[in-house]
Amino acid sequence: MQASSSSTASAEKAGWWVRFVAYFVDSLIVGIPAGIVGGILGAVTGAFSSTNPNGGGVFIFYAILVLASVAYFVYFWSQRDGQTIMNKAMNIKVVRADGAPITVGTGIVRYIGYVLNSIIFGIPIGFIWAAFDGNKQGWHDKIAGTYVVKTS
């Protein structure tokens, strides 16, 4: 059963700080293991060698970090009731405007919005926007048509 649009409109939106803490810790949850794996692969392949001018190790490191991050966030948003590990701990979740769980496609669009948030002048203005927006939506939420709501 899907929730109605009015239920999302009346649902209590998650505040900026709780969202920030959840995102920060989730980023550590995915970033630390991915960084270790990327570092090991870069070292094993010799990509970090001073005799390797290509910067391949850096590419491997960042490619693994980005792929792990996309996989983590999109999976949890779309397949785990809109809750990453920290979203669940903080009692918040990502939903569509109609209150339904988001799809993989919406999750990818939302993640692309994350990237765009950070590109503009190197300042994460799109994330900060959620602190001042009436619906507490960051630019990534507006782009994807999502909301972050409290679960209890």
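The values are calculated or read from the model by the stated rules, or taken from the named source; none is laboratory data. Worth saying up front: this structure is predicted, and the values here are computed from it rather than measured. So basically every Cβ, Gly included, is an ideal-geometry build from the backbone, and we count neighbours across all protein chains shown.
Things to note:
- Pair list, Cβ under 7 Å, 6 or more apart: the range 23-40 residue of a type in the set (D, E, K, R), other residue assigned to a helix (DSSP H, G or I): Asp26/Ile85; Asp26/Met86
- Residues located in the range 53-72, provided they are part of a helix (DSSP H, G or I) and either modelled with pLDDT under 90 or more than 30 Å from Val148 (Cα to Cα) (or both): Gly56, Gly57, Val58, Phe59, Ile60, Phe61, Tyr62, Ala63, Ile64, Leu65, Val66
- The range 22-52, residues that are of a type in the set (Phe, Trp, Tyr) and either in a helix (DSSP H, G or I) or modelled with pLDDT of 75 or more (or both): Tyr23, Phe24
- Qualifying residue in the range 92-108 (condition: in a helix (DSSP H, G or I), touching an Asp or Glu at 6+ places or on another chain (Cβ under 8 Å) and surrounded by 14 or more Cβ atoms within 10 Å (Cβ to Cβ)): no
- Every residue from the range 79-119 that is among the small types (Gly, Ala, Ser) and within 23 Å of Gly15 (Cβ to Cβ): Gly82, Ala89, Ala97, Gly99, Ala100, Gly107, Gly113, Ser118
- Pairs with Cβ under 6 Å, 6+ apart, first in the range 101-129 and at negative phi, second surrounded by 19 or more Cβ atoms within 10 Å (Cβ to Cβ) and part of a loop (DSSP other than H, G, I, E, B): Pro101/Gly82; Gly126/Gly138; Phe127/Gly138; Trp129/Gly138
Each row is one residue, and each column tells you yes or no for (1) among the aromatic types (Phe, Trp, Tyr); (2) in contact with a Lys or Arg (Cβ under 7 Å, 6 or more places away or on another chain); (3) buried (at least 19 other Cβ atoms within 10 Å of the Cβ); (4) under 23 Å from Val18 (Cβ atoms).
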{"position": "Phe61", "(1), (2), (3), (4)": "yes, no, yes, no"}
{"position": "Met86", "(1), (2), (3), (4)": "no, no, yes, yes"}
{"position": "Arg110", "(1), (2), (3), (4)": "no, no, yes, yes"}
{"position": "Ile119", "(1), (2), (3), (4)": "no, no, no, no"}
{"position": "Tyr147", "(1), (2), (3), (4)": "yes, yes, yes, yes"}
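- For the range 52-100, a residue qualifies if it is among the acidic types (Asp, Glu) and touching a residue at least 40 places away in the same chain (Cβ under 8 Å), and exactly one does: Asp98.
- Of the residues examined, Val104 is one that is farther than 19 Å from Val25 by Cα, over 11 Å from the mean Cα position of the chain (by Cα) and not polar (S, T, N, Q).
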